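Quick notes on the structure that follows.
The values are calculated or read from the model by the stated rules, or taken from the named source; none is laboratory data. Remember, it's a predicted structure, so these values are computed and weren't measured experimentally. No Cβ is skipped: glycine too gets one built from the backbone with ideal geometry, and neighbour counts run over all protein chains shown.
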There are 4 protein chains.
Amino acid sequence: MCRWLAYSGSPIALAELLYKPRHSLIDQSRHARMGVETTNGDGCGVGWYPDTEEAAEPAIFHATGPAWSDRNLLELSRCVRSPLFLAHIRASTGTAVQQSNCHPFRYGRWLWMHNGAIHDFPELKRDLALTVDPVLYPFIEGSTDSELMFYVALTLGLQEDAPRAVARMIGVVEAAGKKHGVPDLLQMTVAVSDGRRLWAFRYSTERHSRSLFFSTDVRTLRTLHPEIEALSHVSDGTRVVVSEPLGDLEGAWHEVPESSYGYVEDGHGELHPLTPVPA
Amino acid sequence: MCRWLAYSGSPIALAELLYKPRHSLIDQSRHARMGVETTNGDGCGVGWYPDTEEAAEPAIFHATGPAWSDRNLLELSRCVRSPLFLAHIRASTGTAVQQSNCHPFRYGRWLWMHNGAIHDFPELKRDLALTVDPVLYPFIEGSTDSELMFYVALTLGLQEDAPRAVARMIGVVEAAGKKHGVPDLLQMTVAVSDGRRLWAFRYSTERHSRSLFFSTDVRTLRTLHPEIEALSHVSDGTRVVVSEPLGDLEGAWHEVPESSYGYVEDGHGELHPLTPVPA
Amino acid sequence: MCRWLAYSGSPIALAELLYKPRHSLIDQSRHARMGVETTNGDGCGVGWYPDTEEAAEPAIFHATGPAWSDRNLLELSRCVRSPLFLAHIRASTGTAVQQSNCHPFRYGRWLWMHNGAIHDFPELKRDLALTVDPVLYPFIEGSTDSELMFYVALTLGLQEDAPRAVARMIGVVEAAGKKHGVPDLLQMTVAVSDGRRLWAFRYSTERHSRSLFFSTDVRTLRTLHPEIEALSHVSDGTRVVVSEPLGDLEGAWHEVPESSYGYVEDGHGELHPLTPVPA
Amino acid sequence: MCRWLAYSGSPIALAELLYKPRHSLIDQSRHARMGVETTNGDGCGVGWYPDTEEAAEPAIFHATGPAWSDRNLLELSRCVRSPLFLAHIRASTGTAVQQSNCHPFRYGRWLWMHNGAIHDFPELKRDLALTVDPVLYPFIEGSTDSELMFYVALTLGLQEDAPRAVARMIGVVEAAGKKHGVPDLLQMTVAVSDGRRLWAFRYSTERHSRSLFFSTDVRTLRTLHPEIEALSHVSDGTRVVVSEPLGDLEGAWHEVPESSYGYVEDGHGELHPLTPVPA
């Protein structure tokens, strides 16, 4: 169980969203309201694309301590401005607390983060690892289900067609679950980006998925969150996707429907159904 | 706000008390019930006296991560047996999360740990630091109010008469508070030991102190906590002092009264009133 | 490149060997003389079997910082006594600095530590991972070649016949190297124990292996190392195996021959040739 | 003993100087040539002023592990561009390895870093702490001599007249040394900045100070360091000050003379003698 936030829009300092909101991600690290656990203290991370003309690889920061006391995260969030960033606070479901298990994970220009779990992951791990392209395999650094899902999706074409690759990855994971007799196998909300496009997926085998919300109307957000100064300057197409709202719900936050995904590019957003592709 | 546990009795493995009880100290690191905060994730520590005939210095283990995910603490708690140990989980009231701010603190054969705070500590810190014996001053390693209270108490004779030194320390701290116009200055439950004797103090300027409980009757403890196997072997004089009970209250846990302290030595225990000695 | 030390004999405090010798393992963390690198600052670890009658699982301590500044390691080494322990300081050959990559690794009653490397490990990793018994696979926690060698050896019967399993593991690794066209594939000195027996292996594909020494004569050790007080009390069958001597060579330290292994049990020691079993 | 680097000039990515040079600061963390120790593995830090028109507080990053394996430092150095930054790798002279002891230290717009030591610091610490302005005292977070020197200098007017305040600080420290009978008291190279100006001081009581070098001629630097691409774009007034050169000496690096300081502002540099002001 984790919490995450993804931003796409006019460049802003990370701290505007990570620290300033009443119920910010940092606040959620100690006081999550909608999660299985109220505490998300098993590490944190942020990945951001630079605010430059030319295309560039994202940078990442990973820390093993709780987000609420990490001074480097605070410093960095104050000084780094980005038009597209992903932030994550972790509550381990069993795997080690170490930087290589912190989200977002990176491969080339791609970032990936996850909230949820593959049930009985230790039993399925080997089967899933075998499906990873041998060329990609050496890049797996940590021991989480989340990172392995990323590499399975990369193997299945994430860089060509992200939604289809995620749908196929779900199919592969669920097939492994069926083989091992694990019911209600997968729980996931996942954010993926290549620096230009942002996708946010919500899915679970039992069709009762972890919460996921997106903002559509920047004007309502501004009214609800006067404490986030940066919102007064951002373009109308700016979007935020979150595991749980940064304050009260009313008007500004919409739930991503069960078994669907959102897609944002250049201030334009879409919602689509998400149907697993059986392996 | 922190949580702590002190044990005096027949030698047992630390894990018996730190991990096995239903609402163990490790469980309290994520789900404290009686504290200001439910999370105590800003470091942890344990100090123990060896299970040997001859007198010896205590050993300490300090870690900056949350207790719930610290594997070294788990390993060590399983293999170390001790007749007298102090364990602490920290919720910082502002000072840095670092090993030198983890409890218990040690000076020679003495261990000290604290739950609570000196209000407006930054304002009073210099005045309090000046009261520390110049010979002791260089031994202060961290930046907490808790450690400074220890060194003030050492300066005022902790090693000769612990209860009187603590009462005098309170007087010195409250005098500094009065000088600086800080109301409701001090909140504290403190455990102190020299390896033979164990004291547990409960006090606050506003006379509304943080919770503190002690066990008296090992037989009731055994019945309430069948999951703590070691209790079946310990002597009847074994005592546990805790910020909050390790399970349900009924019968086994007694509250240390407001403004008083408990004292344990060789299976014998006493309760006394605690009256500050004005500076 | 790492340095390690293994001890088998009369129970002593770990600090006697880890800290007291002139050129102790802790000193080697900053000033190794015989290694490829003088600095071994990428984590450290110790695993020890308890000093008790009954058989018991070993305990482990892993830390990501350099050994020379780790206060917990110092505290623990002072208070823990053991008749058989393994200690390791790490110089990463590329994999992450994290506790799950620290040696010794543990599986049940077995401990394993390694100095050396599998060349081009990222290329071979998947092939080697596939050889691990699916039942053992989920226990792999880190990302090192060292841990994977352990699990390959476990798969090949380490618990039944340790020398043969290690010889077969070398065969499997070298076969994978041949397949991928990697010359001079393997460099290793490895220590393994089940708490009763201790094996120390020295091997490399190019037959030019990392240094490895063992002590035979406790009396000479006593004379050379008066600073290690504990040596005055230990039995004559006590043995120490080290990557490099704890002081000067003369008389006390013998080199484990190229492509061979030592074996110690109950104060009795043997040396045997080590011949890889082709896969 | 530490190593540090200070940069003032055209904005560049931190990595250009911290990672790219043959004998970069990161390389010096393992292989320092001119220091008392070859290893500087007790933490690292960087402080930088933002590359913006308006004046702004510097940001800082502090880590307790060795610089050579710190991935966050690498990520951050690649993406952060700054016209004025200070970087430091630490070799502790006894105080704890913790973030609050990492350089550079910050107070408001001011950054401070230090290589060297106050001999017998524990004995002098209290006397020096007492000279700190009570208003500044609560801002001291760590336990090093370096940070305390910063606060003594701030007390003595660093923000009004930096060279004079440092000269007076030396006087105060040496007076304390004389009182306690400590010979050869102070060793220091210090870098200070307010974001616009940069000072670099070299001094020791015994007049045999730690090494300190500065670059004057960017064209020579470019020729000597073709691997630092950014140098091809920086202005001619760009200056680098280092504990030891980033490669070979010839031509590009000049030693700061004994008992003197350099001063850089807007591409203009000066050298002045440094004479302690007796307390």
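Taking the stretch C:170-208 only, how many residues are within 14 Å of the chain's Cα centre (by Cα) and closer than 17 Å to C:E244 by Cβ?
Kept after step one, since they are within 14 Å of the chain's Cα centre (by Cα), are these residues of the stretch C:170-208: C:187-195, C:197-203.
Filter again for closer than 17 Å to C:E244 by Cβ, leaving C:187-191, C:200-202.
Residues flagged as within 14 Å of the chain's Cα centre (by Cα) and closer than 17 Å to C:E244 by Cβ within the stretch C:170-208 amount to 8.
Looking at C:L76, is it touching a residue at least 60 places away in the same chain (Cβ under 8 Å) and not in a helix (DSSP H, G or I)?
Here the answer is no, as C:L76 does not meet what is asked.
Please find, among C:G45, C:G94, C:G35, C:G41, the residue that is more than 9 Å from every other protein chain (Cβ to nearest Cβ) and either crowded, with 24+ Cβ neighbours inside 10 Å or in a helix (DSSP H, G or I) (or both).
Numbers: C:G94 fails: either crowded, with 24+ Cβ neighbours inside 10 Å or in a helix (DSSP H, G or I) (or both); C:G35 fails: either crowded, with 24+ Cβ neighbours inside 10 Å or in a helix (DSSP H, G or I) (or both); C:G41 fails: more than 9 Å from every other protein chain (Cβ to nearest Cβ).
Every option except C:G45 fails the conditions.
Residues being over 16 Å from B:R78 (Cβ atoms), under 17 Å from the mean Cα position of the chain (by Cα) and within 10 Å of another protein chain (Cβ to nearest Cβ): count how many of those fall in the stretch C:60-72.
Just the residues of the stretch C:60-72 that are over 16 Å from B:R78 (Cβ atoms), to begin with: C:63-71.
Narrowing further to those that are under 17 Å from the mean Cα position of the chain (by Cα): C:63, C:67.
After this cut, where a residue has to be within 10 Å of another protein chain (Cβ to nearest Cβ) as well, the list is C:63.
Counting residues in the stretch C:60-72 that are over 16 Å from B:R78 (Cβ atoms), under 17 Å from the mean Cα position of the chain (by Cα) and within 10 Å of another protein chain (Cβ to nearest Cβ) gives 1.
Looking only at the stretch B:226-247, count how many residues are in contact with a Cys (Cβ under 8 Å, 6 or more places away or on another chain) and outside any loop (DSSP other than H, G, I, E, B).
Within the stretch B:226-247, the subset in contact with a Cys (Cβ under 8 Å, 6 or more places away or on another chain) is B:243.
From the residues that got through so far, the ones that are outside any loop (DSSP other than H, G, I, E, B) too are none.
Count: 0.
Restricting attention to the stretch A:156-175, report how many residues are crowded, with 19+ Cβ neighbours inside 10 Å and in a loop (DSSP other than H, G, I, E, B).
2
Does the stretch D:132-154 include one or more residues that are without any contact (Cβ under 8 Å) to a residue 12 or more places away in the chain, part of a loop (DSSP other than H, G, I, E, B) and more than 10 Å from chain B (Cβ to nearest Cβ)?
If we filter the stretch D:132-154 for residues that are without any contact (Cβ under 8 Å) to a residue 12 or more places away in the chain, which is where we start, we get D:134-135, D:138, D:140.
Going one step further and asking which of them are part of a loop (DSSP other than H, G, I, E, B), we end up with D:134-135, D:140.
Filter again for more than 10 Å from chain B (Cβ to nearest Cβ), leaving none.
Taking every residue of the stretch D:132-154 in turn, none turns out to be without any contact (Cβ under 8 Å) to a residue 12 or more places away in the chain, part of a loop (DSSP other than H, G, I, E, B) and more than 10 Å from chain B (Cβ to nearest Cβ).
Output the residues belonging to the stretch D:68-81 that are of a type in the set (A, V, I, L, M) and at pLDDT 95 or above. Spell out the reasoning first.
Going residue by residue through the stretch D:68-81, those that are of a type in the set (A, V, I, L, M) are D:73-74, D:76, D:80.
Answer for the stretch D:68-81, where residues must be of a type in the set (A, V, I, L, M) and at pLDDT 95 or above: D:L73, D:L74, D:L76.
Restricting the search to the stretch C:98-109, which residues are assigned to a strand (DSSP E or B) and either of a type in the set (D, E) or farther than 19 Å from C:C2 by Cβ (or both)? Working first, answer last.
Residues of the stretch C:98-109 assigned to a strand (DSSP E or B): C:105-107.
Across the stretch C:98-109, the qualifying residue is only C:Y107.
So which of D:T64, D:T93, D:T52 is out of contact with any Asp or Glu (no Cβ under 9 Å at 6 or more places or on another chain) and among the β-branched types (V, I, T)?
Details: D:T64 fails: out of contact with any Asp or Glu (no Cβ under 9 Å at 6 or more places or on another chain); D:T93 fails: out of contact with any Asp or Glu (no Cβ under 9 Å at 6 or more places or on another chain).
D:T52 is the lone residue from the list that is out of contact with any Asp or Glu (no Cβ under 9 Å at 6 or more places or on another chain) and among the β-branched types (V, I, T).
Starting from the stretch D:1-12, keep only residues that are more than 13 Å from D:V240 (Cα to Cα), then list their pairs with residues that are of a type in the set (D, E, K, R) whose Cβ atoms are within a distance under 6 Å, requiring at least 6 positions of separation or different chains.
From residues that are more than 13 Å from D:V240 (Cα to Cα), the pairs are D:M1/D:E37; D:C2/D:R90.
Here is a check on your reading of the model: is D:A117 in contact with a strand residue (DSSP E or B) (Cβ under 8 Å, 6 or more places away or on another chain) and more than 21 Å from B:L124 (Cβ to Cβ)? Outline the logic, then answer.
Values: in contact with a strand residue (DSSP E or B) (Cβ under 8 Å, 6 or more places away or on another chain): yes; more than 21 Å from B:L124 (Cβ to Cβ): yes.
So D:A117 fits the description; yes.
Could you pull out the residue among C:K178, C:K125 that is in a helix (DSSP H, G or I) and either among the aromatic types (F, W, Y) or within 14 Å of chain A (Cβ to nearest Cβ) (or both)?
Details: C:K178 fails: either among the aromatic types (F, W, Y) or within 14 Å of chain A (Cβ to nearest Cβ) (or both).
Answer to the selection: C:K125.
Condition first: touching a Lys or Arg at 6+ places or on another chain (Cβ under 8 Å), farther than 24 Å from C:V46 by Cα and assigned to a loop (DSSP other than H, G, I, E, B). Can you find one or more residues in the stretch C:209-223 that meet it?
Of the stretch C:209-223, the ones touching a Lys or Arg at 6+ places or on another chain (Cβ under 8 Å) are C:209-210, C:212, C:214-216.
Filter once more, keeping what is farther than 24 Å from C:V46 by Cα: none.
No, the stretch C:209-223 contains no residue that is touching a Lys or Arg at 6+ places or on another chain (Cβ under 8 Å), farther than 24 Å from C:V46 by Cα and assigned to a loop (DSSP other than H, G, I, E, B).
I'm trying to understand the selection: among the residues of the stretch C:208-248, which are basic (K, R) and touching a residue at least 60 places away in the same chain (Cβ under 8 Å)?
Of all residues in the stretch C:208-248, those basic (K, R) come to C:210, C:219, C:222, C:239.
Passing the criteria: C:R210, C:R239.
Out of (1) closer than 21 Å to B:S69 by Cβ; (2) within 14 Å of the chain's Cα centre (by Cα), what's the single condition that is false for A:G47?
Among (1) closer than 21 Å to B:S69 by Cβ; (2) within 14 Å of the chain's Cα centre (by Cα), A:G47 violates only (1).
Residues B:E57, B:E75: which one is surrounded by fewer than 24 Cβ atoms within 10 Å (Cβ to Cβ), more than 8 Å from chain C (Cβ to nearest Cβ) and acidic (D, E)? First the steps, then the outcome.
On the way: B:E75 fails: more than 8 Å from chain C (Cβ to nearest Cβ).
Step by step, each of B:E57, B:E75 is checked, and only B:E57 is surrounded by fewer than 24 Cβ atoms within 10 Å (Cβ to Cβ), more than 8 Å from chain C (Cβ to nearest Cβ) and acidic (D, E).
Conditions: (1) assigned to a loop (DSSP other than H, G, I, E, B); (2) buried (at least 19 other Cβ atoms within 10 Å of the Cβ). B:N115 meets all but one. Number of the miss?
The number of the failed condition is (1).
Which of the residues that make up the stretch C:14-25 are more than 13 Å from every other protein chain (Cβ to nearest Cβ) and under 16 Å from the mean Cα position of the chain (by Cα)?
Here is the first cut: in the stretch C:14-25, the residues more than 13 Å from every other protein chain (Cβ to nearest Cβ) are C:16-25.
Hits for the stretch C:14-25 are C:L17, C:L18, C:S24, C:L25.
May I ask you to list the residues in the stretch C:78-91 that are of a type in the set (A, V, I, L, M, F, W, C) and more than 9 Å from every other protein chain (Cβ to nearest Cβ)? Full working, then the answer.
Our first condition is that a residue be of a type in the set (A, V, I, L, M, F, W, C); within the stretch C:78-91, this holds for C:79-80, C:84-87, C:89, C:91.
Residues satisfying the conditions are C:L84, C:F85, C:L86, C:A87, C:I89, C:A91.
Quick one: D:D42 ticks every box in (1) in contact with a Lys or Arg (Cβ under 6 Å, 6 or more places away or on another chain); (2) under 25 Å from A:V46 (Cα atoms) except a single one, so which number is it?
With respect to (1) in contact with a Lys or Arg (Cβ under 6 Å, 6 or more places away or on another chain); (2) under 25 Å from A:V46 (Cα atoms), D:D42 is out only on (2).
What number of residues within the stretch C:248-265 satisfy the criterion of being in a loop (DSSP other than H, G, I, E, B), closer than 17 Å to C:Y7 by Cβ and at pLDDT 90 or above? Walk me through it before giving the result.
Applying the first criterion (in a loop (DSSP other than H, G, I, E, B)) to the stretch C:248-265 yields C:248-252, C:256-259.
Remaining after also requiring closer than 17 Å to C:Y7 by Cβ: C:252, C:256.
Remaining after also requiring at pLDDT 90 or above: C:256.
Number satisfying all stated conditions: 1.
Among B:L14, B:L84, B:L25, B:L5, which is at pLDDT below 95, closer than 28 Å to B:S209 by Cα and crowded, with 20+ Cβ neighbours inside 10 Å? Before the answer, list the steps.
On the way: B:L14 fails: at pLDDT below 95; B:L84 fails: at pLDDT below 95; B:L5 fails: at pLDDT below 95.
On inspection, the qualifying residue turns out to be B:L25.
Give the residue, chosen from D:L185, D:L224, that is buried (at least 17 other Cβ atoms within 10 Å of the Cβ), touching an Asp or Glu at 6+ places or on another chain (Cβ under 9 Å) and farther than 24 Å from D:P21 by Cβ.
Values: D:L224 fails: farther than 24 Å from D:P21 by Cβ.
Residue meeting the stated conditions: D:L185.
Under 9 Å between Cβ atoms, which residue pairs at least 6 apart in sequence (or on different chains) link something in the stretch D:97-112 that is away from chain B (no Cβ under 14 Å) and among the hydrophobic types (A, V, I, L, M, F, W, C) with a partner that is surrounded by fewer than 22 Cβ atoms within 10 Å (Cβ to Cβ) and assigned to a loop (DSSP other than H, G, I, E, B)?
Listed by first residue and then by second, the contacts come to D:W110/D:Q159; D:W110/D:D194; D:W110/D:G195; D:L111/D:D194; D:L111/D:G195.
Determine if the stretch D:48-56 includes at least one residue that is farther than 23 Å from B:Q98 by Cα and modelled with pLDDT of 95 or more.
Start the filter on the stretch D:48-56 by keeping residues that are farther than 23 Å from B:Q98 by Cα, which leaves D:48-56.
From what's left, modelled with pLDDT of 95 or more: D:48-49.
Scanning the stretch D:48-56, I find at least one residue that is farther than 23 Å from B:Q98 by Cα and modelled with pLDDT of 95 or more, so the answer is yes.
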